[in-house]
Structure formats: C-alpha cells, structure tokens
Amino acid sequence: MSESFGDARRREKWVARTPPAGTLLCSLDDIAAPGAKGFTFGSGTDLFDMFVVRTHDKVFAYVNACPHAFTPLETFTDRFLTRTKDQILCTTHGALFNLDDGFCTSGPCAGKNLVPLAIEITEGQIRLTAQPPVTR
Ligand code: FES
C-alpha cells in the first residue's frame, strides 16, 4: 500500500522531532528478550514518543504512533507486544505489526508501516543514530 500525502507529512514531522543522534535510550539489559520499552522526549507540540522492541537476537525502534489513527500503541507502560510477544499490538483497534520491520499484517491499517528509527548498540547501551533513508 503506498503512503498518502498526509501520512508522508506526519512521517516528516516525526522524523524532524527525533532527538539527536547519540541520544542514550537505555541499557540493552533494561529490555526483556523478547520485550519492548517506550521513551518520551519533549512536551506539547514538541512531544516525541517512541519505543524499542527487542527480539531474541535483534533490536528495532519505531515512532510510537499507529498508522491508523496516529495514536500511541500501548495502553499500559511498555506493553507494546502481543501476549505471545511475536508481534507489536496497537491496543486502540487491534492492529498487529511485525517486530522486525513494523509492517502492519492485520487490522485497519493493514499494509502500512510504523515509522522506523535508527539505533545502535555500543557497549550494551542503546542510542539513537542518524536516520536511515525512508524506504516505505
Ligand atoms: S489506532 Fe491503531 S489500530 Fe486504530
């Protein structure tokens, strides 16, 4: 599914608000494998909400905004995954997303993607890094 003009504008706004490369998020050990953890920066119109997903062997990060209604995905702190921890769940209307690429496999925004964020892990610390080129 191709991205609409409105979706592209939202994506640009979020990417522009992303904290600078090098911003420390947490220690890798702070996130269960599998598990997830949310992070909020700024406030008001500068608010930036994101989350990190850890699988058994990899770590991914996304803007915390569902591509359906653009609301945060979680209802309870750090509860971004399904009960079986094999997909990301939006608790608003039940959309499901792949852990490793944020692609929505089911729900009202099926075929759309969470906005990915670039991270790196050095010496066990997860940090934001320069944004990757937007591919979807
Ligand atoms: S806002 Fe996420 S499924 Fe509706």
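Pairwise Cα separations in the stretch 1-73 fall into 10 Å bins from 0 onward with the following percentages, short to long: 17, 46, 31, 6. In a simple Cβ point-charge model (Lys, Arg +1; Asp, Glu -1; nothing else charged), the chain has a dipole of about 320 debye relative to its Cα centre.
Each of Ala16, Phe103, Pro67 was scored by the projection of its Cα onto the charge dipole of the chain, and the greatest displacement toward the positive side belongs to Pro67; charges sit on the C-beta of Lys, Arg, Asp and Glu. Volume per residue for the stretch 78-129 equals 97 cubic angstrom (convex hull of Cα atoms). Counting protein heavy atoms only, the chain has 51 percent of its accessible area on carbon and sulfur, 1.4 angstrom probe.
Taking a straight line from the alpha carbon of Lys112, these aspartates and glutamates sit under 20 Å away, with near neighbours fewer than eight places off in the same chain left out: Glu3, Asp7, Glu12, Asp49, Glu74, Asp86, Asp100, Asp101. At an R0 of 25 angstrom, the distance between the Cβ atoms of Ala110 and Phe70 translates into a FRET efficiency of 0.95. Taken over the chain, the convex hull of the Cα atoms encloses 106 Å³ per residue.
The values are calculated or read from the model by the stated rules, or taken from the named source; none is laboratory data. These figures come from a predicted structure and were not determined experimentally. A quick note on method: Cβ atoms are made from the backbone with ideal geometry, for glycine too, and the neighbour counts reach across all protein chains shown. These area figures cover heavy atoms from the full protein model, side chains too; ligands, DNA and RNA do not enter into them. Shrake-Rupley method; radii C 1.70, N 1.55, O 1.52, S 1.80 Å.
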